[in-house]
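Contents: one structure, followed by commentary.
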Amino acid sequence: NRQILLDNRPKAEATVDNFKLVSSETPALKDGQVLVRHHFLSLDPYMRGRMNDSKSYAASQPLGEVMIGGTVGEVVESKNPKYAVGDQVVGMGGWQEYSVVDAEQPGALRKVDTTHVPLSHYLGAVGMPGVTAWYGLVKIINPKAGETVVVSAATGAVGSAFGALAKARGCRAVGIAGGPEKCKYAVEELGFDACIDYRLHKDMYSLAKALKEACPNGIDGYFENVGGMILDAVLLRMNAFGRIAVCGMIAGYDGQPLPLANPALILVNRLKVEGFIVSEHMEVWPEALKELGTLVGTGKLRPRETVAQGIASAPEAFLGLLKGKNFGKQLVKLI
Ligand code: NDP
């Protein structure tokens, strides 16, 4: 069982030297446990926060332990009557090829059906990132049909689900993404009404001008994944009583400061600004996953994936995700 451990903590920017590849035997199963062979490992921005030992919403990852992470795979050995060999499951198996799971622990494993939804999508659109988009849109932005909503990192795992969910509610959905290829995909494949390439804009005023063209009626809801200049530009275009769901600020995950240029706009426009962590809202998961599964199953959401091969490629792929090198959900294929 090859595994990636967190070996040491990043000084500023994370590097491959923070990780260590090791190999170990999987222990014999005790009653109630199952052995899962992972097919895919999910790489997610929150993992960067866990590499630090400073306070963050995600608990710090202890050194010398297998990196935490979501996985999908199949049961290959079972000492639990509720799980049979061959069952396909989602869990938090970590950055390794196999995991021994106490399947009786609440939430440790979830069986999934791959008839209409490919297994890997349970780590993306029909998994944690999809529910994240759902929560921010439905519970925080809560848009009416016809309202304009904007999302940054629009072609990523969360952003692409956000687009489909917003269109399903009759909103005008506008994406912000890095580069012409991502923007073309956002409009042509994901169904966004428009997508702005933020890399073409040097400052917030230039980006705000592009937002004005893409959002002629202003912005009613904004789903924040990035922070920095993008947030400053969006704030310039928010309508009165707009709602901002603060989901992530990836532009600052390696320690970059992200000052806010015009915080007074929150007051002037009487905005609601609410941060959230999807794992604290387990009550919405069943409803959200149902809608997301239907969107994927009926082809209304066709999420894209960037797949790295083999566990040894995980650190490099993870660092790429933090730099926007991924196009859609970043995964590692393990078999
Ligand atoms: P993505 O698949 O969207 O990948 C990250 C993307 O961020 C990149 O592809 C890149 O896209 C974009 N990005 C924009 N600016 C930067 C920058 N300065 N540096 C690096 N990347 C940048 O990841 P996810 O969909 O998994 O996550 C999206 C956001 O949601 C993250 O901020 C994450 O932390 C957050 N999140 C929060 C959760 C919560 O519970 N609050 C749960 C899950 C995710 P581009 O090239 O278009 O710029």
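Table for the structure above
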| item | result |
| --- | --- |
| Checklist (1) in contact (Cβ under 8 Å) with a residue 60 or more places away in the chain; (2) within 12 Å of the ligand (Cβ to nearest atom) applied to residue 189, failing item | (2) |
| Residues within the stretch 11-58 that are more than 15 Å from the ligand (Cβ to nearest atom) and either surrounded by 11 or more Cβ atoms within 10 Å (Cβ to Cβ) or more than 20 Å from residue 104 (Cβ to Cβ) (or both), tallied | 25 |
| Whichever residue in the stretch 273-298 is small (Gly, Ala, Ser) and closer than 17 Å to residue 113 by Cβ and, among such residues, is surrounded by the fewest Cβ atoms within 10 Å (Cβ to Cβ) | 297 |
| Hits in the stretch 69-79 - residues which are within 15 Å of the chain's Cα centre (by Cα) and either part of a loop (DSSP other than H, G, I, E, B) or of a type in the set (D, E, K, R) (or both) | 69, 70 |
| Matching option when the condition is in a loop (DSSP other than H, G, I, E, B) and not small (Gly, Ala, Ser), among 144, 139, 167 | 144 |
| Single unsatisfied condition, residue 313 versus (1) in contact with a strand residue (DSSP E or B) (Cβ under 8 Å, 6 or more places away or on another chain); (2) within 23 Å of residue 244 (Cβ to Cβ) | (2) |
| Only listed residue being in a strand (DSSP E or B) and under 30 Å from residue 251 (Cα atoms), chosen from 41, 63, 35 | 41 |
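Conditions tested, residue by residue: (1) crowded, with 21+ Cβ neighbours inside 10 Å; (2) among the charged types (D, E, K, R); (3) in contact with a strand residue (DSSP E or B) (Cβ under 6 Å, 6 or more places away or on another chain).
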| residue | (1), (2), (3) |
| --- | --- |
| 152 | yes, no, yes |
| 174 | yes, no, yes |
| 182 | yes, yes, no |
| 188 | no, yes, no |
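Bear in mind that the values in this text are calculations on the coordinates, not laboratory data. Predicted, not measured: the structure shown is a model, and the values here were computed from it. Every residue, glycine as well, gets a Cβ built from its backbone with ideal geometry; the counts of neighbours run over all protein chains shown.
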